[in-house]
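What follows is one structure encoded as structure tokens, with my remarks underneath.
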């Protein structure tokens, strides 16, 4: 949260996450190279450089799959939220591994002539009309440039200074990078390996990424459709959005009213509060978060707001919109019109249930 | 053609690097108060992005209000 920028906002959770990413990458590279040296010997032996290129390339490709699958997985099952929490570091690590792959590949294939390696890369193969001889390296280069832009603008400074909508649009280009990399890998395999199981793995990756996005999207759409059917009562602004028992203690729940922006409901200390579902940081789903230290805590990056007034605890200054809320019996009713960010709203007290 | 593309990219990056030094020393504090007093490692970390997106930041710096007492 923005009081003053620090280089990296590390905490214990992020240190563990980053250690696992670093260790995982090192382990993958070591296993890949050992397997390559063991399986291919004699006349079929693969040079160290090519092994390194393949190890780094496949590692970055796998990491990008994890990056892309994390979002929908976390929407489908809360147990994946810890993966989402520090996804930006995984994205930067993916770029660094891809950069190492590209550096060795360009150096190895284009660095030993008297032509500039980049000029050689751009001019050595111009078979743009041929599928079997297509210069797939150019697709990888384009994807690497996109991954660079993602990594270079991953700090909160960029989010604030480009604005959340522009930053989000910029980072959605990662899907274009993925499409370019699928073609880069598929055409590369077609030209050098001709192995059906490798092509099958690439296809399986695409199916998993696309499938998870479709399933998560359908679930979100169903949620919004149910919410769109809720409308205000004739005698006032109050809209019934559910039962207090639907909201787990010290957790959130989302509700959609009349097709508008989602509202996040939180239950804590025998009360219900309502805020916008959109985190001021990256638009994370606050309703999927928890109450930690008395504050609504975004599941994506841990930004916090007081549930009663939508303000970040001092010294932070972020604010989110709040909603008027009341509890009638066991039913929660909200006024779908958002109040100005930071507006204090009296939490609705939950009446004791004397039935059981 | 390839040489021209490379020259354009290198030229753009060179201007970005030239812009980046004064921006990270002074301009960043003008466009974003949260950057005041930030460590040099943070400024170094965002340098690649500054080189890539320098036209956006140059426009913001030009439009940023001048600090009190500045000529």
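The values are calculated or read from the model by the stated rules, or taken from the named source; none is laboratory data. Just so it is clear, the structure is predicted and the values come from calculations on it, not from any experiment. Positions of Cβ are backbone-derived with ideal geometry, glycine not excepted, and every protein chain shown enters the neighbour counts.
(1) without any contact (Cβ under 8 Å) to a residue 24 or more places away in the chain; (2) assigned to a helix (DSSP H, G or I); (3) closer than 18 Å to residue A:160 by Cα; (4) touching a helix residue (DSSP H, G or I) at 6+ places or on another chain (Cβ under 9 Å): which one isn't true of residue B:38, the others all being true?
(2)
Kindly indicate which of A:200, A:205, A:252 is more than 24 Å from residue A:283 (Cα to Cα), modelled with pLDDT of 85 or more and surrounded by 18 or more Cβ atoms within 10 Å (Cβ to Cβ).
Of the residues listed, the single one that is more than 24 Å from residue A:283 (Cα to Cα), modelled with pLDDT of 85 or more and surrounded by 18 or more Cβ atoms within 10 Å (Cβ to Cβ) is A:205.
For residues in the stretch A:330-340 being closer than 13 Å to residue A:241 by Cα and surrounded by fewer than 18 Cβ atoms within 10 Å (Cβ to Cβ), which is nearest to the chain's Cα centre (by Cα)?
Filtering the stretch A:330-340 for residues that are closer than 13 Å to residue A:241 by Cα and surrounded by fewer than 18 Cβ atoms within 10 Å (Cβ to Cβ), the one nearest to the chain's Cα centre (by Cα) comes out as A:331.
I need the full set of residues from the stretch A:129-178 which are outside any helix (DSSP H, G or I), farther than 22 Å from residue B:13 by Cα and within 13 Å of chain B (Cβ to nearest Cβ), in order please.
Correct list: A:135, A:163.
Going by what's in this entry, would residue B:57 be described as surrounded by fewer than 17 Cβ atoms within 10 Å (Cβ to Cβ) and either within 11 Å of chain A (Cβ to nearest Cβ) or part of a helix (DSSP H, G or I) (or both)?
no
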